1. Does K74 satisfy the condition of being surrounded by 10 or more Cβ atoms within 10 Å (Cβ to Cβ), charged (D, E, K, R), over 10 Å from the mean Cα position of the chain (by Cα) and within 22 Å of K89 (Cβ to Cβ)?
2. Restricting the search to the range 77-91, which residues are within 21 Å of G24 (Cα to Cα) and assigned to a helix (DSSP H, G or I)?
3. Please note which helices (runs of 4 or more DSSP H) are completely contained in the range 1-72 and include at least 3 residues that are under 27 Å from A87 (Cβ atoms).
4. Collect the residues in the range 25-47 that are within 22 Å of N12 (Cα to Cα), touching a Leu at 6+ places or on another chain (Cβ under 8 Å) and not hydroxyl-bearing (S, T, Y), keeping them in residue-number order.
5. Cβ contacts < 9 Å: first residue of a type outside the set (A, V, I, L, M), restricted to the range 37-57; second residue surrounded by 13 or more Cβ atoms within 10 Å (Cβ to Cβ) and in a loop (DSSP other than H, G, I, E, B), any location; separation 6+ or different chain. Result?
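Read the figures in this text as sums done on the coordinates, not as results from a lab. The structure presented is a predicted model; accordingly, all values stated were derived computationally and were not measured. Every residue, glycine among them, receives a Cβ derived from its backbone with ideal geometry; neighbour counts consider all protein chains shown.
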Amino acid sequence: MKPQDILPDNINSVEVNGQVLRKGSVAAFMANLSVIEQPVSYPEYENAVKDLIELTPVLETLGVFKHFRLRSEKAITLITDIYPHLAGKIN
């Protein structure tokens, strides 16, 4: 299966169970993981954490955490502090 088989070029999002899932959400989540794991300015870190937290329910809805586990202890702590039901599911 190719990306365009999931969402064609002219479609940027899909709604699942009332939640809008945007094309690029997984890539954005990964980019934010990279930011929080490296030395960056506090505003950049703070924005990455905010975006990571906002994207977590999207990745959960997509089923990402059923197939992939996070290795970042920092991300695991940040996410499970906000979404305790994911403890043991993301790591």
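1. Taking the combined requirement at face value, the residue satisfies it.
2. If the condition is that a residue be within 21 Å of G24 (Cα to Cα) and assigned to a helix (DSSP H, G or I), then I79 is the only one that fits.
3. Because the criterion is at least 3 residues that are under 27 Å from A87 (Cβ atoms), the helices (runs of 4 or more DSSP H) in the range 1-72 that meet it are 25-36, 42-62, 64-67.
4. If we filter the range 25-47 for residues that are within 22 Å of N12 (Cα to Cα), which is where we start, we get 25-32.
If we keep only those that are touching a Leu at 6+ places or on another chain (Cβ under 8 Å) too, we end up with 25-26, 28-29, 32.
Passing the criteria: V26, A28, F29, N32.
5. E37/S72; T56/Y83; T56/I90; P57/Y83
Per-residue answers, yes or no, for (1) free of Cβ contacts under 8 Å to residues at least 12 places away in the same chain; (2) surrounded by 14 or more Cβ atoms within 10 Å (Cβ to Cβ):
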{"residue": "Q4", "(1), (2)": "yes, no"}
{"residue": "V16", "(1), (2)": "no, no"}
{"residue": "A27", "(1), (2)": "yes, no"}
{"residue": "S34", "(1), (2)": "yes, no"}
{"residue": "T61", "(1), (2)": "no, yes"}
{"residue": "H67", "(1), (2)": "yes, no"}
